[in-house]
Amino acid sequence: MTTDTARPVPVPGAERTATAPGTAAARLRRLLPGPAPGANGAAMYRRWWLPWLWTAPAIGCAVVFGVFPFLNTLLLSFTDAKPLGGAAGFVGLDNYTRMLGDSDFWLATRNSVLYALIVVPLMVLLPLLLAVLVEKNLPGIGFFRSAFYTPVLASSVVVGLSWQWLLADDGLVNTWLQKAHLIRSAIPFLSDSWLILLCAMGLTLWKGLGWYMVFYLAALGNVPRELHEAAAMDGAGPARRFWHITVPGVRQAMMLVGTLTGIGSLRVFTEIYMLGSSTGGPGGADRTLPFYIRDVGLDPLTGNAGYGSAVSVALFVLTLGLTLLAQRLTKEDEA
């Protein structure tokens, strides 16, 4: 014997009535928090401020160490503030007018731009060639990778002191060259303004090769081996495969390396200080913009923090222009 269980008979239109905008159920549903369409159950208990809570430490550090110093520097550039504090008067655009007519400022700008123009192309190409050489899995290749990366781990001051010892008039380089009878008198690596600048560029390149080599090693791993094999079967040599396969395959990494190197070249300070002494070369001829900012803005006796801030703003504009140019080149490359 079977018993039929009573089942509710659906009433046509009941669901539409229950969810109609004017019903009490619909009003209650709008008041209670609920998950967004497509969200999981945890979204019911998520508050709008929770994502901001997780990012608050990073945002706080960016504001304290980035946004506030920039705004403060921009404000100081319109004053005659002193490095050690005190009353600062508003001077308007006087600092910028003085900067445009300052020959020392233009000399420092020339050195910084020249530094970038020479270092950036070499830093983009040389680590790539180095990465191609050490990419192959050969016996003992790990030793060479570690050796090329070792300068990255050393302090810039330690590296600068080592180069001082190597390039001094009685240093290792001049001593060997004289004993080999290649030169009669010592080469003034650390006393000639142009040689100081070139040696500083060499120091920057030597210390950064291993760092950017790692960038390229990661990028080379994404270049398909089949392309090299197919090109080799068609008779393409190593040089042709490098320019037509490797370079296009790591173009994005090259743009990144060029941007980072350009920004670093415009901010170079330690290399000039270690090789050209605290004066920035003979008569300050090798001073870069950061070096010049230190001299004119931070000297406790004769410094003008307002003028130094104006030069800092000029350095920021120059760096921003280089970054925007690199981004534009990257977009044109992708198109």
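The values are calculated or read from the model by the stated rules, or taken from the named source; none is laboratory data. No experiment lies behind these values; they were computed from the predicted model shown. In this analysis, Cβ positions are derived from the backbone assuming ideal geometry, glycine residues included, and neighbour counts consider all displayed protein chains.
Quick notes
A quick yes/no check of all residues on (1) assigned to a loop (DSSP other than H, G, I, E, B); (2) aliphatic (A, V, I, L, M); (3) under 21 Å from residue 279 (Cα atoms); (4) at pLDDT 90 or above:
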position	(1), (2), (3), (4)
132	no, yes, no, no
146	no, no, no, no
175	no, no, no, yes
183	yes, yes, no, no
198	no, yes, yes, yes
202	no, no, yes, yes
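- Residue 217 vs. criteria surrounded by fewer than 21 Cβ atoms within 10 Å (Cβ to Cβ), farther than 30 Å from residue 141 by Cβ and either among the charged types (D, E, K, R) or at pLDDT 85 or above (or both): no
- Residue check, residue 305 surrounded by fewer than 19 Cβ atoms within 10 Å (Cβ to Cβ), under 24 Å from residue 100 (Cβ atoms) and more than 21 Å from the chain's Cα centre (by Cα): no
- In segment 105-137, the residues that are surrounded by 13 or more Cβ atoms within 10 Å (Cβ to Cβ), of a type outside the set (Phe, Trp, Tyr) and within 26 Å of residue 304 (Cα to Cα): 107, 108, 109, 111, 112, 113
- Residue within segment 109-117 that is charged (D, E, K, R) and under 29 Å from residue 321 (Cβ atoms) present: yes
- Cβ-Cβ distances below 8 Å connect the following pairs, each with a first residue in segment 317-335 that is at pLDDT 80 or above, a second residue that is of a type in the set (Lys, Arg), and a separation of six or more residues or different chains: 319/267.
- Of the residues making up segment 241-251, at least one is under 21 Å from the mean Cα position of the chain (by Cα) and assigned to a helix (DSSP H, G or I).
- Subset of segment 134-144 [part of a helix (DSSP H, G or I) and touching a residue at least 60 places away in the same chain (Cβ under 8 Å)]: 134
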